[in-house]
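Participant: Dropping the structure in here first, questions after.
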Amino acid sequence: MSKDRLIIFDTTLRDGEQSPGASMTRDEKVRIARMLEKMRVDVIEAGFAIASPGDFEAVKAVAESVKDSTVASLARAVRPDIERAGEALRNANSGRIHTFIATSPIHMKYKLQMEPEKVLEQAVAAVKMARNLCDDVEFSLEDGSRSEPEFMYRIIEAVINAGARTINIPDTVGYGTPEEYGGMFRRVIESVPNSDKAIFSTHCHNDLGLAVANSLAAVMNGVRQVECTINGLGERAGNASLEELVMAVNTRHDFYPVTTGIDPVHIVPTSRLVSTVTGFPVQPNKAIVGANAFAHESGIHQDGVLKHRETYEIMKAEDVGWNANKLVLGKHSGRAAVRARFEELGITFETPEALNEAFARFKDLADKKHEIFDEDLQTLVSDVEQEHREEIYTFKGLEVSCKTGQKPRATLSFTRRGEAVVAESEGSGPVDAAFKAIESVVDSGTELALYSVNAITAGTEAQGDVTVRLSRNGSIVNGVGADTDIIAASAKAYLDALNLLESGSRAHPQRDGV
Ligand code: KIV
Ligand code: ZN
């Protein structure tokens, strides 16, 4: 059976970034984009160029560094957004403007406060405007799954005539069910007279846990592009997960009439990178990329797998990159090997000094930790970038005393705008004592919205990777810190979050209408 090609459109850097606290710096976006390119993702949505100067710079930087994938920027269906997207994509090898407007009665009436005819007119004008700047234009009908079919058919026909090559009908609020959402595409494709001139696309949110199922149902009904994110990151409950979609299509090639161009061996390393950068841990039982996804616990299963792997395994862990990043480097590894491994992870150094610094850090870590894994290298680079940002607070050292039956006490030294500070406090546990010590001096007025610790790699000598999410007056930031001592990692993460909050550079962007 000859198969159609399914286009994989990754929106980790745009919709994924819209998860509260998941904002990424320009350099982090470039690093993730390079991994996506290596994975052979067809389209990388790098951001929403008009949302902020930081978003613009990030889209531009991704457009300039990615060569093999198409790079897209989101834009509302208005001139300033479209022009900004066009400008950010100017140097892209292959760029796409992705413009959208809401088409459901509820969104048009209450959010846009526009009559449907005006929405149609604006959509057509936006697509024409975008086509003047870029050959590749995608149009999305926001809240499409709750839109009136007859209105959708008209608007889709009109935007295809205006030059849209891809028509995306999102399930924006995650309300759809597989049968209904799939059937909607079948009817759209049958009813729109020029539907053969465009590729139809899904964009599913996971509010009911149906994002992947809905996307696949759409594929069975003629859709040939799926929008998705690494680890299913995204607004609220997230988007359809790239790894689940790709592996469903690969594993059930007997059933799905499509193939993708993805090289799945990069899935796990990319998942780790996204998790490290955003500070969003991957749940252990998450399909494909969770730590337990391939771990057989029950004796019956283990016995079966040993006798004949396929008894309980439908995929091979190594095919999605589980073993690709096992033991990497150690204390005796040389500079060239370390640099080569960084490059394989999509990390390049602009100056010899930057490489020297990373290598010195690597040696320091190798002294404390016997084996260095890919995740350690990724964290190390994030730490270096973090320290190079203009910081108000810098961690210097920590002393903690804990004794059963006594309250733990932490003494923390850090600098504030270059001045040495020593802070002390008791707490209900050592981490609480360290945070209270910081607050006794800083008095930030923030709320601790999330605290999570992950072992970056296996074993007791592993580094602890801590995420601290702080919120203040509607701004949310995720600070991250890594150390073989988890109390120190926690204090570093807390200070990192305070720095982010003060600089405003990475506070979760407030975006109008998306
Ligand atoms: O969920 C949604 O509708 C979107 C569109 C802007 C594509 O993210
Ligand atoms: Zn979305």
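The values are calculated or read from the model by the stated rules, or taken from the named source; none is laboratory data. In this text the structure is predicted, and so the values were computed from the model without any measurement. Glycine gets a Cβ as well: all are built from the backbone with ideal geometry, and neighbour counts include every protein chain shown. Side chains included, ligands, DNA and RNA excluded: accessible areas come from the protein's heavy atoms. Shrake-Rupley method; radii C 1.70, N 1.55, O 1.52, S 1.80 Å.
Participant: Filter the cross-link list K3/K38; K60/K118; K316/K368; K38/K307 down to pairs whose alpha-carbon distance in this structure exceeds 25 Å.
Facilitator: Details: K3/K38 23 Å; K60/K118 32 Å; K316/K368 33 Å; K38/K307 35 Å.
Too far apart for the 25 Å limit: K60/K118; K316/K368; K38/K307.
Participant: Please list, in chain and number order, the residues 5+ apart from A449 or on another chain whose amide H is under 5 Å from its amide H, with Hs placed from the backbone.
Facilitator: R469, L470, S471
Participant: Okay, next question. Say the dipole of segment 448-497 comes from +1 at the beta carbon of Lys and Arg and -1 at that of Asp and Glu; which of V480, G459, L470 then lies farthest toward its positive end?
Facilitator: L470
Participant: To the nearest 0.05, how large is the calculated FRET efficiency for R186 and E344 if R₀ is 35 Å and r is the Cβ-Cβ distance?
Facilitator: Efficiency, rounded to the nearest 0.05: 0.25.
Participant: Additional query: Taking R0 as 60 Å, what's the FRET efficiency between A295 and E353 from their Cβ-Cβ distance, rounded to 0.05?
Facilitator: Numbers: r = 42 Å, r/R0 = 0.70.
Computed FRET efficiency for A295 and E353 comes out at 0.90.
Participant: Next question. Can you give the FRET efficiency for T411 and A455, using 1/(1 + (r/R0)^6), R0 = 22 Å, r = Cβ-Cβ distance, to the nearest 0.05? Kindly include the intermediate steps, with their values, before the conclusion.
Facilitator: Numbers: r = 26 Å, r/R0 = 1.17.
Rounded to the nearest 0.05, the efficiency is 0.30.
Participant: Students sometimes get this wrong: rank K286, K369, K407 by accessible area, probe 1.4 Å, all chains present, largest first. Could you put the intermediate results ahead of the total?
Facilitator: On the way: K286 25, K369 5, K407 130 Å².
Reading off the accessible areas and sorting them downward yields K407, K286, K369.
Participant: Another question about this same structure. Relative to the present Cα-Cα distance, how much length would full extension add between D485 and A360 at 0.36 nm per residue of separation? Write down the numbers at each step before the final one.
Facilitator: Values: separation 125, 0.36 × 125 = 45.00 nm, distance 1.95 nm.
Residue separation times 0.36 nm, minus the Cα-Cα distance, leaves 43.1 nm.
Participant: Over the chain, what is the percentage of antiparallel beta bridges among all DSSP beta bridges, to the nearest 5? Walk me through the numbers on the way to the answer.
Facilitator: Numbers: 36 of 73 bridges.
Expressed as a percentage, antiparallel bridges in the chain total about 50.
Participant: Something else about it: How many percent of the accessible area of the chain is carbon or sulfur, using a 1.4 Å probe? Working shown, then result.
Facilitator: Details: 10770 of 22060 Å².
Carbon and sulfur together cover 49 percent of it.
Participant: Continuing with the same structure: Take each of the peptides 194-200, 215-221, 64-70, average the number of other beta-carbon atoms within 10 Å over its residues, and list them starting from the highest. Walk me through the numbers on the way to the answer.
Facilitator: Details: 194-200: 16.0, 215-221: 24.0, 64-70: 17.9.
So the peptides 194-200, 215-221, 64-70, ranked by packing, come out 215-221, 64-70, 194-200.
Participant: Right, next: Quick check for you: with a 1.4 Å probe and neighbouring chains kept, what is the accessible area per residue of segment 392-452, in Å²?
Facilitator: Working: 3570 Å² over 61 residues.
Each residue of segment 392-452 exposes 58 Å² on average to a 1.4 Å probe.
Participant: In whole Å, what is the distance between the alpha-carbon centres of segment 335-393 and segment 93-159?
Facilitator: Using only Cα atoms, the two centres lie 44 Å from each other.
Participant: Under a point spin-label approximation (7 Å from Cα along Cα-to-Cβ), what is the K316-D68 distance to one decimal in nm?
Facilitator: My value for the distance between the label points is 2.1 nm.
Participant: Shifting gears a bit: Using the charge dipole of the chain (Lys, Arg: +1 at Cβ; Asp, Glu: -1 at Cβ; taken about the Cα centre), state which of G445, A198, I155 has its Cα farthest towards the positive end.
Facilitator: With unit charges placed on the Cβ atoms, the residue in question is A198.
Participant: Of the cross-linked pairs K29/K67; K29/K369; K29/K111; K396/K436; K128/K197, which ones have a Cα-Cα span greater than 24 Å in the structure shown? Present the calculation step by step, with values, prior to reporting the outcome.
Facilitator: Numbers: K29/K67 15 Å; K29/K369 28 Å; K29/K111 30 Å; K396/K436 16 Å; K128/K197 16 Å.
As for pairs spanning more than 24 Å Cα to Cα, those are K29/K369; K29/K111.
Participant: Rounded if a/c is under 1.5, else prolate if a/b is larger than b/c, else oblate: which is the chain, with a ≥ b ≥ c the root eigenvalues of its Cα gyration tensor? Don't jump to the answer; show the numbers that get you there.
Facilitator: Numbers: a/c = 1.91, a/b = 1.49, b/c = 1.28.
Taking the square roots of the gyration eigenvalues as a ≥ b ≥ c, the chain is prolate.
Participant: Using Cα positions and a limit of under 12 Å, work out the aspartates and glutamates in reach of K331, with same-chain residues fewer than 8 apart set aside.
Facilitator: D364, D367, E371
Participant: Can you give me the accessible area per residue for segment 21-125, using a 1.4 Å probe, in Å²?
Facilitator: Details: 4010 Å² over 105 residues.
I get 38 Å² per residue for this part.
Participant: I would also like to ask the following. Work out, step by step, the length gained on full extension between K111 and E419: first 0.36 nm times the residue separation, then minus their alpha carbon distance; give nm to one decimal. Before the final figure, lay out the partial values.
Facilitator: Numbers: separation 308, 0.36 × 308 = 110.88 nm, distance 4.89 nm.
Value of the extension gain: 106.0 nm.
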